[in-house]
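Everything below concerns the one structure shown next.
The values are calculated or read from the model by the stated rules, or taken from the named source; none is laboratory data. Since this is a predicted model, take the numbers as computed values, not measurements. Reconstructed Cβ throughout: ideal geometry from the backbone, glycine too, with neighbour counts over all protein chains shown.
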Amino acid sequence: MATLPERMMTRSGTFYCRIWVPTDIAPIYGRQIVVRSLRTKDLKTAKSRLARKSVELENQFDEIRADQVAGNNGAAASPDSRTIRAGFREIAREHAIAASDHEFCRRAELFSQAIEAPARFWRGEFEPLPVPADFGHGEQDAYTYFDHLVAEGDLEKVIAFVNRFRLGKRIETLQSMRATGNLGEFVAIAENRIPEISRSDAIALGRLLLENELDALRAIAERQPDPSLGDLRAGNFWQAENPDAPSLGSSQPTAPTAMPISLDVLFERWEAETDPSASTLSSWRGILRDLKSFVGDKADDITRITAEDIVGWKDKLVKANKAAATISRGYLGCARALFRFAVANKLAASDPSQGIKVARKTKAGKKMLGYTGEEVARLLDLASAASDPWKKWLPWLAAATGSRIGEVAQLHGSHVFEEDGYHVVKITPAIDAGSIKNAESERTVPIHPALLAAGFLEFVRTKGDGPLFYGRSSGDPKRKHASKGVANLLATWIRANGFSDRRKAPNHALRHWFKTEASRVGIADSVADAIQGHTDSSSSGVYRHIGLALMASALDKIELPPRRGVSSVA
């Protein structure tokens with residue numbers, strides 16, 4: 001990499017502005033060097049932002065210097081003021097530790113509440129659950145990741161996500177307060193700690209309180225061991241955010257050096273060349289975060305990651321009770337794809353994931369199950385009483401067609417029509433960048449008589465040709481489709497209504513039930529597969545066509561809602 005400008009450094013491929021604090025204000029500022037992200041990996045953009053960031057920080061230094069000499073009507077700071085300011089660092093240290101302790105107390109309290117009353121947790125009574133509107137355009141994968149956690153029904157994982165989400169929002173708030181100068185919250189804390197403090201001193205202490213709370217919470221968010229409390233107690237607040245910066249005793253900054261290719265950069269290059277689907281991007285970004293967390297600093301240089309690291313990562317996933325298929329196809333599959341790409345593009349000499357496998361075995365009590373007939377009947381009763389269209393119709397559509405919720409959640413009015421004398425729904429990707437699992441998933445299915453009797457066609461007519469269950473989507477195939485948020489809201493709603501068995505995914509258990517019920521009433525597997533969009537792997541399946549009449553006849557055999565007392569367990 002070319003020599004970087006003065007005051008610029010790189011870290012994990014991202015450019016930073018690094019400025020030494022003037023010696024006359026360093027004791028008040030609380031640190032000797034400031035490092036701020038330029039939020040770009042492009043050198044040209046970074047140079048432009050460096051100039052603005054430098055001016056911004058220098059203006060901040062001037063303001064602090066002016067506060068120092070303001071005193072009473074412009075006089076130099078009095079001895080009393082200097083005495084008060086001498087204690088700022090200790091007060092800020094205590095505040096940072098208290099903020100960290102408070103965060104962990106909140107986590108412990110939420111965990112206890114959720115375990116004792118999971119239904120109230122799913123309703124968001126203890127802590128609001130994230131919704132799509134909480135996420136910005138740059139976080140398109142985050143809510144989708146939350147979707148998956150809710151669908152899996154793993155309460156502890158959802159609790160962990162909610163904790164991280166809350167912490168992230170607090171960090172965003174602190175960053176905004178720092179950028180705008182909105183120090184009211186911290187000035188009030190300063191004035192409460194030191195009643196006789198002057199306004200200028202309260203502002204100076206408030207700024208230091210904000211900076212050190214931000215450092216403490218960032219350290220927790222980055223999953224550092226014992227989130228930098230050792231650094232905090234030593235007073236090295238700035239090092240929690242900038243571990244690569246020189247120590248307080250250094251007299252000169254170290255020369256910036258170019259970083260080797262990181263996992264993040266490798267992923268970006270792989271994404272640009274392979275153009276994966278939005279769902280793959282979403283799930284693999286989560287997998288990449290997990291791998292980065294496990295390998296630590298090695299994530300900054302892919303050539304340092306060894307086969308032993310990948311084995312250790314795999315073993316960690318096994319101990320976390322991840323399904324063998326999930327580890328093999330998901331986690332190791334992602335690693336293999338990335339490292340093979342690196343080898344093919346001369347970014348690494350070898351693939352550390354090569355040959356590493358996980359033994360596949362199904363443990364008793366781990367297999368995912370379908371709903372019973374009783375549970376389906378209860379769920380459809382709840383749906384019938386609901387007013388929101390997605391609550392009312394999506395469970396019925398899933399039960400009546402065996403479809404994936406994501407398939408029917410993206411239905412448009414134009415997908416419902418009459419063909420060969422049958423009212424049908426066409427399962428196909430929505431025109432606004434929707435997606436379905438594979439080519440075999442695209443199909444046309446007769447509408448079950450129970451749906452017709454419940455007024456589904458009348459509902460469709462009120463919606464026109466557009467989306468039935470969501471407002472609009474971005475149309476960007478790289479972003480999460482709006483229907484996925486609706487599908488997750490449905491899963492959350494189902495969980496909140498007492499469907500809490502972790503072995504029964506709230507939405508997908510309907511698909512399991514349909515397959516089992518079809519077998520129970522004598523529907524041929526080939527017909528059930530055609531209705532559900534399952535691949536027929538037999539040689540004859542390539543030539544077989546299941547028509548609407550045959551599918552309609554089969555659907556007539558499935559009673560909806562199921563009669564209570566009739567067993568249908570997958």
Discussion item. Let me spell it out: the conditions are (1) of a type in the set (D, E, K, R); (2) surrounded by fewer than 14 Cβ atoms within 10 Å (Cβ to Cβ); (3) closer than 21 Å to ASN488 by Cα, and GLU90 meets all of them except one. Which number is the exception?
Written reply: (3)
Practice prompt. Test SER262 against the stated conditions and say whether it is more than 20 Å from the chain's Cα centre (by Cα) and touching a residue at least 24 places away in the same chain (Cβ under 8 Å).
Written response: yes
Practice prompt. Report yes if some residue within the stretch 514-528 is hydrophobic (A, V, I, L, M, F, W, C), over 26 Å from VAL162 (Cβ atoms) and modelled with pLDDT under 90; otherwise report no.
Written response: no
Worksheet item: Is it the case that the stretch 319-341 has a residue that's exposed (fewer than 15 other Cβ atoms within 10 Å of the Cβ) and in the same structural domain as LEU451 (by TED's automatic domain parsing)?
Response: no
Fill in: Number of the exception - GLU374 against (1) surrounded by fewer than 21 Cβ atoms within 10 Å (Cβ to Cβ); (2) closer than 30 Å to GLU308 by Cα
(2)
Worksheet item: What number of residues within the stretch 159-189 satisfy the criterion of being in contact (Cβ under 8 Å) with a residue 40 or more places away in the chain and hydrophobic (A, V, I, L, M, F, W, C)?
Response: 6
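Would you please name the residue that is modelled with the highest pLDDT, looking only at residues in the stretch 529-562 that are over 17 Å from ILE447 (Cα atoms) and over 40 Å from the mean Cα position of the chain (by Cα)?
Checked the stretch 529-562; the qualifying residue modelled with the highest pLDDT is HIS545.
Condition test on LYS322, is it outside any helix (DSSP H, G or I) and either within 15 Å of VAL358 (Cβ to Cβ) or out of contact with any strand residue (DSSP E or B) (no Cβ under 7 Å at 6 or more places or on another chain) (or both)?
Judged against the criteria, LYS322 is a match.
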